[in-house]
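Structure, as structure tokens:
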Amino acid sequence: MKTIFIEGRLDDYQDFHDKNWFETFFNLVTETPLKSAGEHFAVGWWGSVRAFIMPWLLVNGVYDAIATVSLPPYDRDVVWQEYLQRPEFRVALWKTAENTFVSIYYAYEDYFVQVLKILGKWDSLRTKDRDFKARAKAIIGEEALNRCWYDNRIDVAREIRHAITHNGGRPTSNLLKKSPLPRIENDDILISATDVRQLYELLKERVIEFTQSALRYKI
């Protein structure tokens, strides 16, 4: 049977949307050839984070609604614990973390590829192309390519996304060769809310670095 894994604290699902980061990013791409790709990417990321915090919004909304009538004789965590008793809620938390991890990573990959296509003036570019590394290096340089594409953590996230999307959430042989590995039990990859936050924090730094490197390329 499929393994369901969740983290049990309400705060694990609280909002981590970084308004200041988004402003920095938009300031970078506005008035550049990357504006359209940047806007498409940012909307996807914003939507992913908003989806992730739905459980947190739900519990806080219920608590606040009760508080408008009378002060509840308990704190928000009591409401949270009551929801955790519902199997369907626990399953929703499991898939919320897993799906958000995938969507955060894939938005990053799509942005990466679209930027290279724009600056390279290529009609087609796929990450599996034999010359992908050479073409990417020509645009952003070797250092940025290593940090923004071949970083071990990004490489693992890419393989996790592939395993969840194309291998039923089971670890692939390629993933098992990599490090650091995600939590794996009973042949299932287990993605936590913390994994989602850590991926977001890593990639938002790399988005800025990648964008800055790309904008130095002379078309």
Exercise for the section: Let me have the relative contact order for segment 121-185, percent, based on Cα pairs under 8 Å that are six or more residues apart. Expected result: 22
Exercise for the section: Would you mind getting the accessible area per residue of segment 151-219, heavy atoms of the protein chains only, 1.4 Å probe, in Å²? Expected result: 49
Exercise for the section: Please work out the average accessible area per residue across segment 1-144, using the 1.4 Å probe convention, and give it in Å². Expected result: 56
Practice task
Using θ = phi - 60° and the Karplus relation 6.51 cos²θ - 1.76 cosθ + 1.60, list the HN-Hα couplings for segment 35-41 in order, rounded to whole Hz, with x at every Gly or Pro.
Solution key: 4, 5, 4, x, 5, 4, 5
Handout entry: segment 169-194-segment 6-80 distance, computed between alpha-carbon centres (Å)
Key = 26
Exercise for the section: Please report how many Lys pairs in segment 21-172 have alpha carbons closer than 25 angstrom, counting only residues at least 8 apart along the chain or sitting on separate chains. Expected result: 10
Problem - Carbon and sulfur %, accessible surface of segment 22-148 computed with the full protein complex present, 1.4 Å - result: 54
Problem - Mean separation of Cα contacts under 8 Å (6+ apart) over length of segment 101-219, as relative contact order % - result: 35
Practice task
Specify which labelled value, from (1) 63, 42, 25; (2) 50, 34, 30; (3) 41, 38, 35, agrees with Cα extents along the principal axes in Å derived from the coordinates of the model shown.
Solution key: (1)
Completion exercise
Diffing segment 183-190: the Karplus 3J(HN,Hα) column from phi (6.51, -1.76, 1.60, θ = phi - 60°), in whole Hz with x for Gly and Pro, holds 5, 10, 9, 6, 6, 10, 7, 10
Handout entry: Modelled FRET efficiency - R0 45 Å, His166 with Leu71, Cβ distances, 0.05 increments
Key = 0.35
Handout entry: Percent carbon-and-sulfur accessible area, segment 154-206, ignoring ligands, DNA and RNA, probe 1.4 Å
Key = 41
Problem - Protection-proxy order for peptides 122-129, 166-173, each taking the mean of Cβ atoms within 10 Å per residue, highest first - result: 166-173, 122-129
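The values are calculated or read from the model by the stated rules, or taken from the named source; none is laboratory data. Remember, it's a predicted structure, so these values are computed and weren't measured experimentally. Cβ: placed from backbone, ideal geometry, glycine included. Neighbour counts: every protein chain shown. Keep in mind that these areas ignore ligands, DNA and RNA; they rest on the heavy atoms of the full protein, side chains included. Shrake-Rupley method; radii C 1.70, N 1.55, O 1.52, S 1.80 Å.
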